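First the structure, in the form of structure tokens, and then the observations on it.
The values are calculated or read from the model by the stated rules, or taken from the named source; none is laboratory data. Small disclaimer: the values here were computed from a predicted structure and weren't measured. Here the Cβ positions follow ideal geometry from the backbone for every residue, glycine too, while neighbour counts run over all protein chains shown. Surface areas here come from the heavy atoms of the whole protein model, side chains and all, with no ligands, DNA or RNA. Shrake-Rupley method; radii C 1.70, N 1.55, O 1.52, S 1.80 Å.
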Amino acid sequence: MKFAKQIETAASDLPAHWRPYLIHYKCLKKHIHLIVDELHSQGLFDKLLAKKQGICSGQLSLTYAFKGSANAPDPCIHVTIPDPYSVDQENLPVNVQPALKKLFISASAVSNEPLLLKIQLERDSDFFRFLLDELARATALHDVEQKKFSETVQSLGDELCQMTATNKNDMYTWREIFKLYIEAAIFQDIDMTKDPAKESRKRLEKFKDNLLDRLLESNFVLKESKSILKHFLVINYKLIDFQHFQNLNRMAITKILKKHDKKSGLSATEEFSAFIKGNVVFVDGILLSLCQAVQTKLITIVPQPDEFTCPVCFYLAWKPVRLKCTHLFCARCLIKAKKNNITNCFICRSENAIPEATAGNLDTTLSKFMKLNFPQEIEEKERDNAAERAEMQPVSPEEHFQRMYSRLPYRAQNVRISNTRVPNTRVSNTRVSNTRVSNTRVSNTQTRHSRRSRHQTSCIIT
């Protein structure tokens with residue numbers, strides 16, 4: 001499939017109002033035919049092709065230059081004649097046009113100093129003027145969509161911030177969602193030489209499947225959270241569309257410049273790429289900046305506990321103490337470090353940083369932040385600290401046994417009770433029942449013997 005048809009097919013995936021802002025590849029191809037005709041008319045075409053093939057002539061050298069501005073591009077060819085006086089007009093190639101012959105004749109008649117001549121390329125100027133207009137239109141669309149995107153992200157961030165402050169259960173669900181989103185890396189580490197939009201869409205679909213598998217959407221308590229999640233996914237799909245739009249324009253420009261150089265013998269690819277170096281179509285960081293806006297304005301609203309872990313116990317640094325070297329630890333780890341006579345910072349080895357820490361080193365601002373965002377982790381940390389403090393106190397053997405027994409799982413405790421009591425009960429019942437049966441048998445036997453003896457006695461008497 002030709003690229004012109006390929007770009008038309010790929011554009012069908014874009015929003016309808018974006019498609020007119022794509023680079024018009026077919027129109028630019030028509031301009032290239034006019035450029036070739038102009039070079040033929042000036043007798044430069046064969047010389048440019050010979051230079052491209054490495055066939056150099058000592059009589060002149062041709063250099064393509066791209067100057068001017070975005071509004072008025074000025075592509076031209078600089079002709080350098082090293083020794084005009086020694087130019088042999090008879091030995092000029094027969095396929096050189098009369099216009100070029102006049103240049104040699106006028107150059108040889110002036111002096112024997114190197115002569116520099118500038119040839120304007122009108123058709124080439126029209127080509128790049130049209131291309132720069134196309135880029136300007138694409139840039140204008142980018143600016144409009146970027147502004148809309150920023151406003152949408154800001155509005156969604158305000159809603160998310162209000163929701164997480166209202167319902168802590170939804171806040172923990174959002175934390176898990178954002179953790180999966182960061183791991184998905186939808187727009188990071190993608191090979192831009194292939195189809196980046198296709199790869200990003202594939203990663204986004206995998207992220208959605210993970211949400212469904214873990215039933216995270218059904219865990220929401222508030223309806224607003226489900227609505228925010230839908231808008232969040234829509235934002236990511238729009239980013240993929242923007243990525244696709246940018247990639248199609250980049251591919252169109254790259255292809256048309258290669259065709260321009262191949263057909264004309266000029267070297268516009270390098271010259272023009274340097275000329276528009278800062279254009280948004282060729283700046284990969286533009287998309288990354290939009291993705292960064294999503295992370296800074298949305299994901300940071302629900303922070304991850306991994307960002308606030310103590311480097312000693314690898315758990316939430318509750319009651320955070322900031323040492324003089326600015327490193328942060330939980331108060332419990334620093335208390336144990338003092339008891340073990342550890343004085344230097346665990347990270348940077350700053351001397352006496354631990355014993356010099358006082359109550360003034362407690363980061364109260366961070367403590368409030370943790371209380372607001374990590375209530376469950378703080379509660380678990382408090383339980384662990386209380387259990388650890390209790391273990392360090394001397395206890396009697398009975399209390400030690402009770403603690404060990406209380407730490408067993410509930411089922412294990414029940415199993416122990418059933419293994420000790422139930423079998424004894426069954427045995428005792430068995431014994432009692434056996435005793436009763438035996439007693440019954442003895443009484444029955446005695447009764448039969450007594451009856452038989454009475455009968456015999458009565459017979460003897462009669």
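If the condition is being of a type in the set (A, V, I, L, M, F, W, C), crowded, with 17+ Cβ neighbours inside 10 Å and in contact with a helix residue (DSSP H, G or I) (Cβ under 6 Å, 6 or more places away or on another chain), then the range 150-179 contributes VAL153, LEU156, LEU160, MET163, MET171, PHE178. Only one entry of GLU199, GLU224, GLU217 meets the criterion of being under 15 Å from the mean Cα position of the chain (by Cα) and either open to solvent by 40 Å² or more (accessible area, probe 1.4 Å) or modelled with pLDDT of 90 or more (or both), and that entry is GLU199. For the range 346-359, a residue qualifies if it is within 22 Å of LYS381 (Cα to Cα) and either in a helix (DSSP H, G or I) or within 40 Å of the chain's Cα centre (by Cα) (or both), and the qualifying residues are PHE346, ILE354, ALA357, ALA359. Selection of the range 296-306 for residues being loosely packed, with under 14 Cβ neighbours inside 10 Å and under 25 Å from SER155 (Cα atoms) yields THR296, THR300. Taking (1) in contact with a strand residue (DSSP E or B) (Cβ under 6 Å, 6 or more places away or on another chain); (2) open to solvent by less than 80 Å² (accessible area, probe 1.4 Å) in turn, GLU134 satisfies each apart from (1). Residues that are touching a residue at least 60 places away in the same chain (Cβ under 8 Å) and under 21 Å from ILE182 (Cα atoms) were ranked within the range 240-253; the one that is surrounded by the fewest Cβ atoms within 10 Å (Cβ to Cβ) is ASP241. Within the range 237-274, the residues that satisfy the criterion of being aliphatic (A, V, I, L, M) and part of a helix (DSSP H, G or I) are LEU239, ILE240, LEU248, MET251, ALA252, ILE253, ILE256, LEU257, ALA268, ALA274.
Restricting attention to the range 295-308 and to residues that are within 11 Å of PHE178 (Cα to Cα) and part of a helix (DSSP H, G or I), the residue that is modelled with the lowest pLDDT turns out to be GLN295.
Contact annotation: residue pairs with Cβ atoms under 7 Å, 6 or more positions apart or on different chains, pairing a residue in the range 194-218 that is on the phi < 0 side of the Ramachandran plot and free of Cβ contacts under 8 Å to residues at least 24 places away in the same chain with a partner that is part of a helix (DSSP H, G or I) and open to solvent by less than 50 Å² (accessible area, probe 1.4 Å), are ARG203/ALA184; LYS206/ALA184; GLU217/LEU211; GLU217/LEU229.
Please find, among GLN393, GLN413, the residue that is exposed (fewer than 11 other Cβ atoms within 10 Å of the Cβ) and either at pLDDT below 75 or in contact with a Lys or Arg (Cβ under 6 Å, 6 or more places away or on another chain) (or both).
One residue alone meets the criteria, GLN393.
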